[in-house]
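Chemist: Handing you a structure now.
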């Protein structure tokens, strides 16, 4: 009986967990289109485009979700996010958040 309960609990936990964690390596491959504006590692050289490197993972996922849903308006980013899957957003966020961002001295 205990083995049955333990097995059912394990199955329930496995079903509720994400299939795979976000992968920075996959995000790097998916980020090639982002490089045109944000730079290859997320450190844009243009003041017109924000630096993504070093940004918080959750912030990046939320921003992409909001661009896709229209909650956040931007004529450039809306079509870029339109075809991203949740996994794409997570992988991109994993990659850019793992990059070294702008470091300034005071």
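Chemist: Any residue that is in contact (Cβ under 8 Å) with a residue 24 or more places away in the chain and closer than 20 Å to residue 101 by Cβ - is there at least one of those in region 74-81?
Modeler: no
Chemist: Run down 35, 93, 71, 22 and say which single residue is modelled with pLDDT of 95 or more and touching a helix residue (DSSP H, G or I) at 6+ places or on another chain (Cβ under 6 Å).
Modeler: 93
The values are calculated or read from the model by the stated rules, or taken from the named source; none is laboratory data. Computed from a predicted model, the values in this text were never measured in an experiment. FYI the Cβ positions are ideal-geometry reconstructions off the backbone, even for glycines, and counts take in every protein chain you see.
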